[in-house]
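Here the structure is laid out as structure tokens; the discussion comes afterwards.
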Amino acid sequence: MLNATIYFMKKLSLGFIAFLQALGLTLYSSLIGLIFWKGARFFGPVVTFLGPTLFLLLFVISAIICALIFGYCPFILWWENKQTKKAINLIIYTTGWLAFFVILVILGVFFFR
């Protein structure tokens, strides 16, 4: 896995890796949003403590998954390749792409309501 990651990081530009990371975060967040939106239809009404427990577990797992999507490549650049500047640039580019996707979602909510 590590060798494959380093191989693809050498072949792809930082901007494209950042785009893929932000797109992955957007798609994952959309999936979780769908679960929140249609949760009652999927799981039925929850009358026990298991509903809030499921929410908290999903929240924790989501934080871990998002941290891995967002931080794995910069960490490899920093730890394995000692390329601190590239790692910081990747974080900045990913944040920029993520902000772009947030703006697209806001515009979509505004125009499609």
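Values in this text are rule-based calculations from the coordinates and carry no lab data. If you're wondering where the values come from, they're calculated on a predicted model, not measured in any experiment. FYI the Cβ positions are ideal-geometry reconstructions off the backbone, even for glycines, and counts take in every protein chain you see.
Any residue at all in region 99-110 that's surrounded by 10 or more Cβ atoms within 10 Å (Cβ to Cβ), in contact with a Lys or Arg (Cβ under 7 Å, 6 or more places away or on another chain) and in contact (Cβ under 8 Å) with a residue 12 or more places away in the chain? No: zero hits. Applying the condition of being exposed (fewer than 12 other Cβ atoms within 10 Å of the Cβ) and among the aliphatic types (A, V, I, L, M) to region 49-67 and asking which residue is farthest from L25 (Cα to Cα) yields L50.
When the helices (runs of 4 or more DSSP H) confined to the chain are screened for residues that are among the hydrophobic types (A, V, I, L, M, F, W, C), at negative phi and in contact with a helix residue (DSSP H, G or I) (Cβ under 6 Å, 6 or more places away or on another chain), those reaching at least 3 such residues are found at 14-37, 50-79, 84-111.
Restricting G33, G44 to those that are among the small types (G, A, S) and surrounded by 11 or more Cβ atoms within 10 Å (Cβ to Cβ) reduces the list to G33. If the condition is being in contact (Cβ under 8 Å) with a residue 60 or more places away in the chain and polar (S, T, N, Q), then region 49-94 contributes N81, N89, T94. Since C73 meets every condition but one in (1) of a type outside the set (V, I, T); (2) touching a Gly at 6+ places or on another chain (Cβ under 9 Å); (3) surrounded by 13 or more Cβ atoms within 10 Å (Cβ to Cβ), which condition does it not meet? Of (1) of a type outside the set (V, I, T); (2) touching a Gly at 6+ places or on another chain (Cβ under 9 Å); (3) surrounded by 13 or more Cβ atoms within 10 Å (Cβ to Cβ), only one is false for C73: (2).
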